[in-house]
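Peer 1: The structure follows.
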Amino acid sequence: MLERHYGAEDFSDKVLIQAGEGKIRLTTSDTIKVAEKMRGVQSLGLYIAKLEGQEVVLSIEGSQLLCNSIKKNWIELTEEQARLWMEGAPIQLDKPTAARYVVAFYKRLCLGCGRVSADGKVYPQVPKWRRIQRE
Amino acid sequence: MSTIKISEDLRNLLYSLPEVDVESLLESYQKPIRQSIRVNTLKAREEDVLNILREKGVELEKIPWTRYGYWVINDINLSNMLEHMLGLIYIQGAVSMAPVEVLSPKPGEFILDLCAAPGSKTTQIAQALQGEGVIVANDVNVKRIRALSSNVQRCGVINCVITQADGRKFPLWAKGFFDKVLVDAPCTSLGIVSKDWGAAKNWSFRASERLSKLQLSLAISGFDCLKVGGVMIYATCTLSPQENEWVIDRLITIRPSARLKSIKLEGLKMSKGILEWQHNKFNPELEQCVRVYPYEHEAEGFFMAKIVKEGDDS
């Protein structure tokens, strides 16, 4: 699915686990072995993506891990747009796209996925706790 | 500048501590702690992050005792910066980076952070492991675990297990399991009074004594989770010998295989552990523990003990 949506390679040497509501976490086999021995486990590994039907919505970390291999469905932001993105504000696309989700880049940094709306805007999927305050 | 109010008990404590410059300490309580950051190399190359920050006008100076730590010289709101939210930097006190430097995690090791929230040291350990090995980050408080989870996520850590459990019970399922353990114990926080004046106003011998019993239980628990040959760091951000030297003195008495080791960190001004305090005479080995006072670096005050498990006597 990653190949189809973003032209990206997979996480071949790591382990992907499904953690409810279509959430995908990335971890290592050692981490799973240790978790099996522990009590009161709340979570393990890193939340990297959510499956929404046939779509893969990458988290900020998921997009950062794949940063160098994402080849399609991405947009480049200016510094001002990057700040707006991290505030959770929508960004107007320069040109239309058929993709439902795109990954945002600012310079060489990946800022996660945004949902493309029919009005030609991208709505960043930045969780509230990670949004920066408007200046 | 407002004047800080300190309890009568605290005044008595401070004047009972040998080698402490009480006037400097009280003065430091009224100044903000110097801002500092750790560059998170799990997300980007150190040099790239430094260049991004410098382009944005952030003036930095290397902290000598920690590999990726920098003082922030100018007054800037780091917590609202893109680089902070993306996890390229972690805002962390300069001296609070010291315990993990002393623990010295290596890729491939299994490490327990027994009182982990909010996750500054957990993410610092993760950085040292470089994705190889495993960290178990535990805390007893569910609200604090939310902050821990957020920070572990923001820093891009893949090899961490977050658990919610009473740290005193850990040996029931993890006895002798870990290569290294960090016990950054809950304390009366006399090393970070400038962040929380309530710590000074409400400090009492009774509260400190009560906490020391919990601290001792956590230290024993952490020690029992070590493999033979493993290393534990016990740290607090307080100055009371009751929560520091007393705890370690009891630990090495109860667990004879516990041996204290010396602590060396370049550029960090440290005092030796206290051997006599009030009616207590501690084991001379406790000289190997270290104390860092807030006035030494305009940073937090800390106590650290490095303990090696030389055999199995638990």
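FYI, it's all coordinate maths here, none of it is from the lab. Just so you know, these numbers come straight off a predicted model, no measurement behind them. Because the Cβ atoms are built from the backbone with ideal geometry, glycine has one as well, and the counts that use them run over all protein chains shown.
Peer 1: Send over the per residue convex hull volume for segment B:1-74, Cα only, as a whole number of Å³.
Peer 2: Expressed per residue, the convex hull around the Cα atoms of segment B:1-74 is 146 Å³.
Peer 1: Grab every C-alpha pair in chain B, bin the distances at 20 angstrom width from 0 up to the longest one, and report whole percents.
Peer 2: Once binned at 20 Å, the Cα pair distances of chain B give 34, 59, 7.
Peer 1: Through the Karplus equation 6.51 cos²θ - 1.76 cosθ + 1.60, θ set to phi - 60°, convert the phi angles of segment A:14-24 into ³J(HN,Hα) values in whole Hz; use x for Gly and Pro.
Peer 2: So the Karplus estimates, Gly and Pro as x, are 10, 10, 9, 10, 8, 10, x, 6, x, 7, 10 Hz.
Peer 1: In nm², what is the average projected area of the convex hull enclosing the Cα atoms of segment B:133-292?
Peer 2: Reported value for the Cα convex hull: 10.8 nm².
Peer 1: Cα centroid distance between segment B:179-250 and segment A:16-62, in Å?
Peer 2: That distance is 33 Å.
Peer 1: Based on a Kirkwood Rh over C-alpha pairs, give the Stokes-Einstein translational diffusion coefficient of segment B:34-92 at 25 °C and viscosity 0.890 mPa s in µm²/s.
Peer 2: The Stokes-Einstein estimate is 218 µm²/s.
Peer 1: Quick check for me: using +1 on Lys/Arg Cβ and -1 on Asp/Glu Cβ, what's the dipole size of segment B:34-92 about its Cα centre, in debye to the nearest 20?
Peer 2: Here segment B:34-92 has a charge dipole of around 200 debye.
Peer 1: Only counting other Cβ atoms within 10 Å, I'd like B:S212, B:S240, B:S204, B:S79 sorted with the fewest neighbours first.
Peer 2: Taking fewest neighbouring Cβ atoms as first place, the list is B:S79, B:S204, B:S212, B:S240.
Peer 1: Continuing with the same structure: Along each of its three principal axes, how wide is the spread of alpha-carbon positions in the protein assembly as shown, in whole angstrom units, largest first?
Peer 2: Sorted largest first, the three principal extents are 77, 52, 33 Å.
Peer 1: Long-range amide H contacts for B:W277: which residues qualify at under 5 Å (H placed 1.01 Å from N, peptide plane, sequence gap of 5 or more or a different chain)?
Peer 2: Amide H neighbours of B:W277, under 5 Å, 5+ apart: B:F282.
Peer 1: Seen from all sides and averaged, what is the projected area of the convex hull of the Cα atoms in segment B:214-287, in nm²?
Peer 2: Quarter of the Cα hull surface area: 5.4 nm².
Peer 1: Now a separate question. Quick check on the exposure proxy: order A:E61, A:E21 from fewest to most C-beta atoms within 10 angstrom.
Peer 2: So the residues, fewest neighbours to most, are A:E21, A:E61.
Peer 1: In addition: Quick query: amide H of B:F110 versus all other amide H atoms, modeled in the peptide plane; which residues come in under 5 Å with a sequence gap of 5 or more or a different chain?
Peer 2: Under 5 Å from the amide H of B:F110 lie the amide H atoms of B:V134, B:D179, B:K180, each far enough along the sequence or on another chain.
Peer 1: Another question, then. Which of the GluC sites (Glu not before Pro) found in segment B:2-101 are in a DSSP loop and have at most 16 neighbouring Cβ atoms, other than their own, within 10 Å?
Peer 2: Within segment B:2-101, the qualifying GluC sites (Glu not before Pro) (loop, at most 16 other Cβ atoms within 10 Å) are B:E19, B:E59.
Peer 1: Follow-up. Where both partners of a DSSP beta bridge lie in chain B, what percent of those bridges are antiparallel, to the nearest 5?
Peer 2: 60 percent
Peer 1: Restricting everything to alpha-carbon atoms, can you work out Rg to Rh for segment A:2-130 with a Kirkwood hydrodynamic radius?
Peer 2: Dividing the radius of gyration by the Kirkwood radius yields 1.01.
Peer 1: With +1 on each Lys and Arg Cβ and -1 on each Asp and Glu Cβ, and nothing else charged, work out how big the dipole of segment B:1-152 is about its Cα centre, in Debye to the nearest 20.
Peer 2: Charge dipole of segment B:1-152: 440 debye, to the nearest 20.
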